[in-house]
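Structure, as structure tokens:
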Amino acid sequence: MTEVKLLGVGGSSYSRRVEWALKVKGVKYEFVEEDLQNKSPLLLESNPVLKKIPVLIHNGKPIRESMIILEYIDEAFEGPSILPKDPYERAIARFWAKFLDGKCLDAVREALWSKFGGEQEKIKQEAYEMLKIVDNELKGKKFFGGNKIGFVDVAANYIPFWVEIVEEASGNVLITSEKFPNLCAWMDEYLSCSEVKENLPDRDFMLSFFKAKALAENIIS
């Protein structure tokens, strides 16, 4: 009998990526909520190098890093494909996923949590450049890979939900329909999908969490 356990945090976009993939594949799993201030022995044992969530444990074997876990789920379990079948399309999907989960995420995160002042505009411009690349890639598309949510959309899952909440909490607004019409249209499509709506954390809880973080970091007063 297959045993699947996910070590994660309910409010984490990284954990939610993995939960989405497991549900799309119809995999039954146990979710173990981790306290990142007091990490469990199981998490430290399962991810001794990075000591981070999420970790998927499949029949006692740990798999680490959310995007790697998505690929593992796609290969290990039957069900709808998460990555394209065509080798070239798979390579393109991996490229955009790496960009969204790396350079773009880093720039957006820095801009959202930057303090108001002279440096903030420069930091925002860098984020705008990354988001414009994403906006251009989405031109004429419903989702990154076509007409259904796939690997790249899930790599960008932080944009339509988490970014919007942090914008409200911090007062740093990055994404508007005037600047990024294609991205905003994609965000609406993404959030309207039933498998996404059923797999989001409580918005009020997340807003309170990020407001407290913004106050602690002197982003707002």
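The values are calculated or read from the model by the stated rules, or taken from the named source; none is laboratory data. Please read these numbers as outputs of a predicted model, since none were measured by experiment. When we count neighbours, we look across all protein chains shown, and the Cβ atoms used for this are built from the backbone with ideal geometry, even at glycine. Surface areas here come from the heavy atoms of the whole protein model, side chains and all, with no ligands, DNA or RNA. Shrake-Rupley method; radii C 1.70, N 1.55, O 1.52, S 1.80 Å.
Anything in the range 105-131 that is of a type outside the set (A, V, I, L, M, F, W, C) and either free of Cβ contacts under 8 Å to residues at least 40 places away in the same chain or within 15 Å of A185 (Cβ to Cβ) (or both)? List them, or say none.
Passing the criteria: D106, R109, E110, G117, G118, E119, E121, K122, Q125, E126, E129.
Considering every residue within the range 69-85, establish whether at least one is among the polar types (S, T, N, Q) and in contact with an Asp or Glu (Cβ under 7 Å, 6 or more places away or on another chain).
Yes: the range 69-85 contains one or more residues that are among the polar types (S, T, N, Q) and in contact with an Asp or Glu (Cβ under 7 Å, 6 or more places away or on another chain).
Which condition breaks for D35 when tested against (1) in contact with a Leu (Cβ under 8 Å, 6 or more places away or on another chain); (2) without any contact (Cβ under 8 Å) to a residue 40 or more places away in the chain; (3) not in a helix (DSSP H, G or I)?
(1)
Consider the range 129-151. How many of its residues are at pLDDT below 95, more than 18 Å from the chain's Cα centre (by Cα) and small (G, A, S)?
1
I'm checking my understanding of the structure. Among residues of the range 63-110 that are hydroxyl-bearing (S, T, Y) and part of a helix (DSSP H, G or I), which one is farthest from N157 (Cα to Cα)?
Filtering first and then ranking leaves Y88.
Considering only the range 43-50, I want to know if a residue exists there that is out of contact with any His (no Cβ under 8 Å at 6 or more places or on another chain), closer than 25 Å to I159 by Cβ and modelled with pLDDT of 95 or more.
Checking the range 43-50: at least one residue is out of contact with any His (no Cβ under 8 Å at 6 or more places or on another chain), closer than 25 Å to I159 by Cβ and modelled with pLDDT of 95 or more.
Just give me the residues in the range 139-184 being among the basic types (K, R) and within 20 Å of Y128 (Cβ to Cβ), in sequence order.
K139, K179
Among the residues of the range 27-68 satisfying the criterion of being closer than 18 Å to S81 by Cα and open to solvent by 60 Å² or more (accessible area, probe 1.4 Å), which is farthest from the chain's Cα centre (by Cα)?
Among those that are closer than 18 Å to S81 by Cα and open to solvent by 60 Å² or more (accessible area, probe 1.4 Å), it is K28.
Filter the helices (runs of 4 or more DSSP H) completely within the range 111-221 down to those with at least 1 residues that are surrounded by fewer than 17 Cβ atoms within 10 Å (Cβ to Cβ).
The helices (runs of 4 or more DSSP H) meeting that bar are 118-137, 164-170, 181-192, 194-197, 203-216.
May I ask you to list pairs of residues, at least six apart or on different chains, whose Cβ atoms are under 7 Å apart, with the first in the range 42-60 being part of a loop (DSSP other than H, G, I, E, B) and the second being modelled with pLDDT under 95?
N59/T2
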